[in-house]
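What follows is a set of notes on a single structure, which appears directly below.
The values are calculated or read from the model by the stated rules, or taken from the named source; none is laboratory data. Fair warning: this is a prediction, and the values are worked out from it, not measured in the lab. Using ideal geometry, Cβ is built from the backbone for each residue, glycine included, and neighbour counts are taken over all protein chains shown.
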Amino acid sequence: MAATVSWDSLRELANFQAENGCAISLYVDLDPSITPTADDAHSRVNSLLDSGRQRTPRSLGHAQREGLKGDFERLERFFEQEFNRDGAHGLAVFCGGLDNFWRPMALTDSVPDQIKIGKTLYVAPLVPLVGRGEGAIVASVGREQGYLYGLQAGRLHEIAKHSEDLPGRHDQGGWSRANYQRHIESLVLNHLRRVAEELDRQVRRLRGAHVVIVCTEETRGELQDMLSKEVLRVVIGWAQAEAHATPTELLEVVQPVLERWREQEEKEAVERWREEEGRNGRAAAGWEQTLEAASDARVELLLYADGADHQAWQCPKCGRASLTAGNCPLDGTRMEESDHGLDLAVHQTLGHGGRVWALRHRRDLEPFEGIGALLRF
């Protein structure tokens, strides 16, 4: 049905700007406790679309109004004819017909119902969903079987498989026990070597996706020495599971590994920010400093606390964001008000090649209204 959210897709969305018409950003909460049935989902969608129609900007020309009308009709058809929640807890759909843009995205977690219309897409709600393991590779490796899964939309999807049919005892024939055992071990090592090579190919193909390996301690000892430097660099943990575990059971085993990795990454980022901020180094603290640094392409890593947002202003010509109203300092254009300063900061950061991290475990940013950044310079 849909693409899933990743850093690459998020950066693409943040860089999109409607040139010919407007863009619609639609978020639907599909948490089963809130939206248990398809009828409930359609009811929520219809309410959002009605709200969106009422927000059509009056300044639009005839062609743009017709384009926006067509987008609303396409969204209606999508939910009536194509929509399949398939276990997703949320859905985002981005639409800009006059600019030939259409992107539905299944979400692993719920998101508040929202609809936004503008020249750019509203992407801030997606940031907390990235970095929770989405796109990770889970390798389930045994002496005879090796399965590689990709984590997408909260599920494991098989991306590669290698197997080795080891001979049984009845195949031993006239071999001595020692020779037979050496033959078996040779087959196992060749199998593990092929799995290691496949892991290397997938890591390179997926641009360094993080890896969790599920295997016994004995297999780990044999496999670890076969892994390439590129794979070892992105392995974030090892785990064990029952033999022949299903993808669902494997996901339950690796989720704690992914969460520990994420918490450690957050800890290191915040501690680095505290050190830089404490010595007036390469750090921004608070909305004014952070929006200015993001607009100047100086943000390496944007950090914000859950729920943080602020009224801000943006130049409609160059996109520069500011905490205060007035004219753009770069081109003199009158700044336009926005209720979503966080989305402006996210756009500026991703658009200039930076990264964004939504804090879940640390409260260090509370004295600074929930936002800060590590800077390139």
Filter region 53-88 for residues that are assigned to a loop (DSSP other than H, G, I, E, B) and touching a strand residue (DSSP E or B) at 6+ places or on another chain (Cβ under 6 Å); the one that is modelled with the highest pLDDT is R55
Show the residue pairs that are 6+ apart or on different chains and have beta-carbon atoms under 7 Å apart, the first residue being within region 48-76 and over 15 Å from V28 (Cβ atoms) and in the same structural domain as Q114 (by TED's automatic domain parsing), the second being modelled with pLDDT under 95 and among the small types (G, A, S). Q64/G21; G67/G21; L68/G21
Tell me, please, whether a residue that is more than 18 Å from I159 (Cβ to Cβ), modelled with pLDDT of 95 or more and either buried (at least 16 other Cβ atoms within 10 Å of the Cβ) or over 21 Å from the mean Cα position of the chain (by Cα) (or both) can be found in region 194-215. no
Please determine, by comparing only the residues of region 100-109 that are surrounded by fewer than 19 Cβ atoms within 10 Å (Cβ to Cβ) and out of contact with any Phe, Trp or Tyr (no Cβ under 8 Å at 6 or more places or on another chain), which one is nearest to Q17 (Cα to Cα). N100
Taking region 348-365 and keeping residues more than 17 Å from A284 (Cα to Cα) and part of a helix (DSSP H, G or I) leaves G351
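For every residue, the table says whether it meets (1) part of a strand (DSSP E or B); (2) at pLDDT below 95; (3) crowded, with 20+ Cβ neighbours inside 10 Å; (4) β-branched (V, I, T).
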residue	(1), (2), (3), (4)
E300	yes, no, no, no
Y304	yes, no, yes, no
P316	no, yes, no, no
G319	no, yes, no, no
P329	no, yes, no, no
A345	no, no, yes, no
P367	no, no, no, no
G372	yes, no, yes, no
Only one residue in A241, A293 is hydrophobic (A, V, I, L, M, F, W, C), more than 19 Å from S140 (Cα to Cα) and either surrounded by fewer than 16 Cβ atoms within 10 Å (Cβ to Cβ) or outside the structural domain of D8 (by TED's automatic domain parsing) (or both), so which one is that? A293
